[in-house]
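The values are calculated or read from the model by the stated rules, or taken from the named source; none is laboratory data. On a predicted model such as this, the values are computed, not experimentally measured, just so you know. Here the Cβ is made from the backbone with ideal geometry for all residues, glycine too, and neighbour counts use every protein chain on show.
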Amino acid sequence: MDYAELKGWQGAIGSVLGFIALIFGALFNFHLNRRRDKRLRNEEIVAIASALYGEIVMLRRSVARMANAVGTRYIRRGLFGDGVFDKHFIEQFVLPRPKLYPALASKVGMLPSQLALEVVLFYSRVEEAETWLPRLQESEERPYSYGVNYVLDPAINAVNGVTPALRIIENMAGLIEAEPPDIKKALDAQEMEDMQNVEL
């Protein structure tokens, strides 16, 4: 093998080694980009979850307050007492409109599937309780009345059902565990209503 032939081989070997180094560099860069993207995605998920957490905690308190008020009024006056649920009572318990959930609805799917499901269920139950609350008021145009459990069931499920989601977010974001609101009056009224329905 003469010097010219060896020189030709050196160029080919150098080209192959350069190509391998280029491929390795591109793969390593791709790996670093993927790690960065994953970190940024995780940070965005925690930010979305934390924002929803604050709104859920505040809305949960309002729902618990409404449910307890419905329960207290029902226990004290009975469902068919005079003006048990009048328009003034209904007006006192208008729930605050969620602002963050509608704004972040398109990003809720980024959350872990179980967490996303529980968040959606919470807002759905709150909306259901809010929809039924005005219907507790008697109407001359309607020959029948709705039972308090139309409001209490979704309200209680909203307050209690979202607890696992809150624990997940607290672990993700390093937050202090939120104290669950007291809904004893709502639970007592729900039990009373269930017992009356069984007797009927």
Which one is surrounded by the most Cβ atoms within 10 Å (Cβ to Cβ), of the residues in segment 44-60 that are without any contact (Cβ under 8 Å) to a residue 60 or more places away in the chain and touching a Pro at 6+ places or on another chain (Cβ under 9 Å)? Glu55
Please pick out the residue among Ala49, Ala26, Ala21 that is closer than 30 Å to Lys99 by Cβ and either modelled with pLDDT of 65 or more or within 28 Å of the chain's Cα centre (by Cα) (or both). Ala49
Test for Ala189: is it touching a Gly at 6+ places or on another chain (Cβ under 9 Å) and hydrophobic (A, V, I, L, M, F, W, C): yes
Would segment 61-70 turn up any residue that is over 17 Å from Lys185 (Cα atoms), buried (at least 16 other Cβ atoms within 10 Å of the Cβ) and either in contact with a strand residue (DSSP E or B) (Cβ under 6 Å, 6 or more places away or on another chain) or modelled with pLDDT of 90 or more (or both)? no
Looking at segment 133-156, can you tell me whether even one residue there is in contact with a Pro (Cβ under 9 Å, 6 or more places away or on another chain) and buried (at least 18 other Cβ atoms within 10 Å of the Cβ)? no
